[in-house]
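Read-outs throughout are calculated quantities, based only on the coordinates presented, and are distinct from any laboratory measurement. In this text the structure is predicted, and so the values were computed from the model without any measurement. A quick note on method: Cβ atoms are made from the backbone with ideal geometry, for glycine too, and the neighbour counts reach across all protein chains shown.
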Amino acid sequence: MNLHQIHHIAILCSDREKAVDFYVRKLGFPIIREHYRADRGDTKIDLQLSPETELELFITSGRPDRVTNPEAYGLRHLAFRVDSVPETVAALQEKGIPCEPIRMDPYTRKAMTFFRDPDDLPLEIHE
């Protein structure tokens, strides 16, 4: 078996404008392509995360809200590697994105923290 890297990560979003504002304008991921899928009644927006990895945003309605506490089985959060957590937190806060306090990962001994997307998906930044 040859599973050697992640091709894409799919995220369900409730509002196109909020998702584009957050992921494209604030976080800076460029749009690769966008398609309305009439057969599914949603819009799919592909974003460039890295040269090898994409984020797929599926803009749809009628889905249940994300379960937060207690957490449900499945994807817990996405983590992005950054050069400096304090600098990234400052940049996020300048864009109006609140972050949790910075803490040290007890295993890697690197700085990390969390923030959330418009649909309450936890996103982590980690050095």
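If R0 is 22 Å, what FRET efficiency do you get for Arg40 and Tyr73 from their C-beta distance, rounded to 0.05?
With a Förster radius of 22 Å, E is 0.35.
Determine the sum of side-chain charges near Thr43: Lys and Arg each +1, Asp and Glu each -1, restricted to other residues whose C-beta is under 10 angstrom from that of Thr43.
+2
Rank Val85, Thr68, Pro101 by how far each Cα sits towards the positive end of the charge dipole of region 59-127 (+1 on Lys, Arg Cβ; -1 on Asp, Glu Cβ) and give me just the farthest.
Thr68
Would you mind classifying region 40-127 by shape? Square roots of the alpha carbon gyration tensor eigenvalues, ordered a ≥ b ≥ c; an a/c under 1.5 is rounded, otherwise it is prolate if a/b is larger than b/c and oblate if not.
In terms of gyration-tensor shape, prolate.
In debye, nearest 20: dipole of region 47-113 around its Cα centre with unit charges on the Cβ of K, R (+) and D, E (-)?
I would put it at about 220 debye.
Quick one: how many lysine pairs does the chain have with C-alpha atoms less than 15 Å apart and a gap of 8 or more or different chains? Give me the count, please.
Counting lysine pairs in the chain gives 4.
Let me check I've understood the local charge: for His126, count other residues with C-beta under 14 angstrom from its C-beta, Lys and Arg +1, Asp and Glu -1. What total comes out?
-1
For a footprinting-style exposure proxy, rank Ser14, Ser61, Ser84 by other Cβ within 10 Å, fewest first.
Going from least to most buried by this count: Ser61, Ser84, Ser14.
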